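Remarks on the structure that follows.
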Amino acid sequence: MKNKVFIFIGLCLFLFAFTAKEKALFEIPKSWPKPYYNFAKNKLTAEKILLGRVLFYDPILSRNNTVSCANCHSPYNAFTHVDHALSHGIDDRIGTRNSPALMNLAWHPSFMWDGAINHLDMQALAPISSHTEMDENFVKAVNKLQQQSKYKTLFYNAFADSMVTGERTLKALSQFMLTLVCANTKYDKVMRKEDSFTVQENNGYVLFKQHCAACHTEPLFTNLQFENNGLPIDTTLNDLGRMRISKLTKDSCKFKVPTLRNIEFSFPYMHDGRFKRLQEVLNHYTQGIHQTRTLAKPLQKPILLNTNQKVDLIAFLLTLSDKSFLFNPAFAYPKEALNK
């Protein structure tokens, strides 16, 4: 009986330690909703996260080993790019959309501007196989990984087996991306009662809740839905957004609502990167809405903001910057592991 008690206590301590270890790798911010991602099917470990991080920064996943995920998703720019409107890929090919910022992906049920991907574990396949992005056959990419001793070691550490497989590669990439949690902005600190808004920021917050929150819903600052935000269509791109996937006219010109977290660092804005400054974005919503049948309901009535109100609103938006996220060394280029 005594031995059984010791075994039970030991098991409890082991389970507690395991849960605490997982919690240290990914923690749900207080008052946030439950993540959409099913962690039970891809349990986080430090070794798998490191493998995913190395893969994220390694150009080996592209056809000619020149383009990595980080080329379009730089950590210092909220995991997007800032130097051009449309994404640039392999052989300087130019895509048709602005790369989306990456953060808080555990809460997302779909990915890409048009929701073409419905699971994070499948997300990386799209840019790897895209002609304009990395242009690599995924089987060839896996074979390239298998041939490198560095990856044999990393996969062994992660899976207790040095065999490189497509599933392991994709799940490791997911694990790294799942850790990209942004939840320490000034806004977050105010919500946690650790800080307070200035008068101007608070005025902006009131305006935000009145005019923007229907689509950019707190705390993620996106409702994760597809909306037509009234942009005139770019006739050089003719991008119909969600309709390209669903084939339904009701989805014409709808794009996934992006998060506003770190918006200070994630310019240019919109799916095609047409606006470089927040002022231009606000001018669009107050003066540039293009009325169509699929226009988002919250935008069907004019938004009226004077100059001072726009300044207040931008002051609030700047409280959504999270430098502890942007400069988190755990998200940075893994120099030591990648250069072995």
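Of note:
- DSSP beta bridges in the chain [antiparallel fraction, %, rounded to 5]: 75 percent
- Between T235, T292, T45, the residue with the greatest mean-square fluctuation in the GNM of the chain (Cα pairs under 10 Å linked by springs) is T235.
- To the nearest ten degrees, helix 166-178 and the longest principal axis of the Cα atoms of the chain are 60 degrees apart.
- Against the main long axis of the alpha-carbon atoms of the chain, helix 149-159 sits at an angle near 90°.
- Under the Debye formula (equal points on every Cα, no solvent term), log10 I(q)/I(0) of the range 46-138 at q = 0.10, 0.12, 0.15 Å⁻¹: -0.24, -0.35, -0.56
- Across G230, G95, G166, mean-square fluctuation computed from a Gaussian network of the chain (C-alpha pairs under 10 Å connected) peaks at G166.
- Accessible surface of V67 - all protein chains present, 1.4 Å probe, nearest 10 Å²: 10 Å²
- With one equal scatterer per alpha carbon and no solvent term, the Debye-computed log10 I(q)/I(0) for the range 171-238 at 0.19, 0.20, 0.23 1/Å reads -0.94, -0.97, -1.05.
- At R0 = 30 Å, FRET efficiency that the Cβ-Cβ distance of Q148 and V82 yields, to 0.05: 0.45
- Heavy-atom SASA rank of K43, K189, K250 (probe 1.4 Å, accessible area, largest first): K250, K43, K189
- Solvent-accessible area assigned to carbon and sulfur over the chain amounts to 57 percent, based on a 1.4 Å probe.
- Size descriptors for the range 147-187, from the alpha-carbon set: Rg then Dmax equal 14.3, 47 Å.
- Over the chain: Kirkwood hydrodynamic radius from C-alpha pairwise inverse distances, Å: 21.6 Å
- For a modelled paramagnetic label at V206, 7 Å from Cα along Cα-to-Cβ, the residues of the range 299-319 in reach, with backbone nitrogen under 16 Å, are 304-317.
- GNM remark for the chain: springs join alpha carbons under 10 Å apart, and the peak mean-square fluctuation among T319, T259, T198 falls on T198.
- Solvent-accessible area of D121, all protein chains in place: 20 Å² (probe radius 1.4 Å, heavy atoms, ligands and nucleic acids excluded).
- Shape analysis of the range 125-201 yields a ratio of the Cα radius of gyration to the Kirkwood radius, Rg/Rh, of 1.28.
- Solvent-accessible surface (1.4 angstrom probe) belonging to R63, in square angstrom, nearest 10: 90 Å²
- q = 0.13, 0.29 Å⁻¹, the range 228-295: log10 I(q)/I(0) [Debye, one scatterer per Cα]: -0.38, -1.39
- With all protein chains kept in place, the per residue accessible area of the chain amounts to 52 square angstrom at a probe of 1.4 angstrom.
- Ratio of the Cα radius of gyration of the range 243-335 to 2.2 N^0.38 Å, where N counts its residues: 1.34
- Cβ-placed point charges (K, R +1; D, E -1), dipole of the chain about Cα centre in debye, nearest 20: 920 debye
- For K340, a cut-off of 24 angstrom between C-alpha atoms picks up these lysines, skipping any fewer than 8 places away in its own chain: K48, K140, K144, K150, K152, K171.
- Counting every alpha-carbon pair across the range 57-104, the share separated by more than 16 Å comes to 37%.
- Computed helical MRE - 222 nm, the chain, DSSP H runs ≥ 4 contributing -39500 (n - 2.57), nearest 500: -11000 deg cm²/dmol
The values are calculated or read from the model by the stated rules, or taken from the named source; none is laboratory data. Predicted model, so just to flag it, every value in this text is computed and none were measured. Every residue, glycine as well, gets a Cβ built from its backbone with ideal geometry; the counts of neighbours run over all protein chains shown. Just the protein is used for accessible areas: all its heavy atoms, side chains included, with ligands, DNA and RNA removed. Shrake-Rupley method; radii C 1.70, N 1.55, O 1.52, S 1.80 Å.
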